Amino acid sequence: MISPFNFITEKYSHSSGRSKEAIRNIILSLFAKGISVASSLLIVPLTIHYVNPTQYGIWLTLSSIIGWVAFFDLGLGNGFRNRYAEAKAQGDLELAKKYLSTTYFAVAGIVFVVFLVILIGNRFVDWASFLNVETSYNEELSGIFVILAFFFCLSMVANLVCTMLTADQKAGLASLIQGGGQFLALIALWILTRLSEGSLTNLALYFAGIPCLFTVFVSIIVYSSGSYRVLLPQVSNIKISLLRDIMGLGIQFFIIYLCMILVFQIINVVISRELGPEAVTEYNIAYKYFSVVNMVVNIIVLPFWSAFTDAYQKRDIIWMKKVIKGLERFWFLSSFAILIMLIVSNWVYRIWVGYDVMIDYSLSVAIAIYIIINNLGAIYLNLINGIGTVRIQLIVYFVFAVISWPLMVFLGREYGIVGIVLLPIMALLVLTTLAKLQLHRIIDNKAEGIWAK
């Protein structure tokens, strides 16, 4: 099988400097994500043995809930990413600096308010009842939620350095920062298993805290030395008037991500409430296994988001068509890899997590289909996001968000975990089909009306 590196190199090494920059980012991202993927896979058995399958299911569900906080930046991160890339493409460094400082200021203000709301709201939530677990967990879960909220809110600000690097077509460096945090979390968890008894509170402190603090540390280094020193966020560069430019596109990303919570992220809550926390563990193990390929696809695709912003601004249509064709061919390779993974899945599960968790083969089939469709959608949607025409995504996600909870509950009661997974599969199938049509209309200069918004 052709490796991702050789595939991309063969297709683009003789093309523009933009392609070569993407290749360099892909190589570095593959290394960084390799560390991240290995850490993520090793963390699963370590965590299950540190606590137990039931507590692990509770941990996953609570983590996914607090992860929703990341979507409450009102889309500023992605709005900034496109505006910053546009400013750099036009050679306007001063405008890029103002976009960066303004985004830091706005996101910091938002997460401060969000954290206060979480502190107040947490006092009135019966977590044991909400997650359908024993009441003895309630006090501990309340404390864990505050810990997770604090570090996730801080991470929203700290991770802007990764957004800036990605917008500057340095996605590989951003991946290296994220992979480093994941690796440190793995080391911390390994130490915990040796020095302490199983504790969800310790898990929250170290697993969420260490990657966050590592990113804060790296941010200080990035902005205090080297070529990015000139971009150091400053109060004098905060321009409230620029928020309209950032949020004009950013608010659409915010609505999209809010709807994505209800279509994709809420699945852990539905599974926990309808089938119990053990089922959450089963779902997440299968998902983590097959999502390894999704991570590789995202590594290949991610550098092209900002590259497409640059190419679209300069109307480099030939390069854009070449990229789409090459990425589609890579998708076929990734789909074949997933089919091989499906065939050997039960054997891999036994080696990976032992016999503590049993996963039905039908769940593996459903997740494999989900990842295959998701990979193709990721290609078209990342490129469309780079162009900034996201209205169709918004509408599709909104429709599925409205029907997601009741339909997931119905499908879960009728068909179990596989039934619940059917809804995100349907959403991705519709979205991917429309995204392919939209992207080709844009490239062929035939996009009109909603196709061009």
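Here the residues THR309, THR54, THR47, ranked from fewest to most Cβ neighbours within 10 Å of their Cβ, fall in the order THR54, THR47, THR309. Mean residue ellipticity at 222 nm, helices only, the chain: -27500 deg cm²/dmol; runs of at least 4 DSSP H residues each add -39,500 (n - 2.57), and the sum is divided by the number of residues. Counting neighbouring beta carbons within 10 Å and listing from fewest to most, the residues TRP405, TRP347 come out as TRP347, TRP405. Our estimate of slack between LYS321 and ARG350, defined as 0.36 nm per intervening residue step minus the Cα-Cα distance, is 6.1 nm.
What fraction of the Cα pairs in the chain, stated in percent, has a spacing above 31 angstrom? Intermediate values should be presented prior to the final figure.
Values: 42444 of 102378 pairs.
Beyond 31 Å sits 41 percent of the P(r) for the chain.
Cross-link partners of LYS321 among aspartates and glutamates, defined as those whose alpha carbon lies under 17 angstrom from its own and excluding same-chain residues fewer than eight positions apart: GLU10, ASP310, ASP444. Say the dipole of the chain comes from +1 at the beta carbon of Lys and Arg and -1 at that of Asp and Glu; which of PHE254, SER64, PHE124 then lies farthest toward its positive end? Projecting each Cα onto the dipole axis, the largest value belongs to PHE254. Using only the alpha-carbon atoms, how far is helix 171-195 inclined from the longest principal axis of the chain? Give it as 0 to 90 degrees, nearest 10. Tilt relative to the chain: about 20 degrees. In degrees from 0 to 90, rounded to the nearest 10, what is the angle of the helix 361-387 Cα long axis to the longest principal axis of the chain? For helix 361-387, the angle is close to 30 degrees.
With a threshold of 20 Å on the Cα-Cα distance, the over-threshold entries among LYS322/LYS436; LYS322/LYS453; LYS88/LYS239; LYS288/LYS436 are LYS322/LYS453; LYS288/LYS436. What is the helix-to-structure angle for 138-158, meaning the angle in degrees between its Cα long axis and the longest Cα principal axis of the chain, kept from 0 to 90 and rounded to the nearest 10? Around 10 degrees separate the two axes.
Given +1 at the Cβ of Lys and Arg, -1 at the Cβ of Asp and Glu and no other charges, the dipole of the chain around its Cα centre is 1680 debye to the nearest 20.
Work out how much length PHE336 to ILE395 would gain on full extension: take 0.36 nm times their residue separation and subtract the Cα-Cα distance, in nm to one decimal.
Numbers: separation 59, 0.36 × 59 = 21.24 nm, distance 3.14 nm.
Full extension from PHE336 to ILE395 adds 18.1 nm.
Gain in length, HIS440 to ARG194, computed as 0.36 nm per residue apart minus the alpha-carbon separation, to one decimal in nm?
83.1 nm
As a proxy for reagent exposure, ILE384, ILE120, ILE58 were ordered by neighbouring Cβ count within 10 angstrom, fewest first; the result is ILE120, ILE384, ILE58.
Coordinate-derived values only; no laboratory data. Treat the numbers as computed from the prediction; the structure is a model and nothing was measured. All Cβ positions, even for glycine, are placed from backbone atoms using ideal geometry, and neighbour counts span all protein chains on display.
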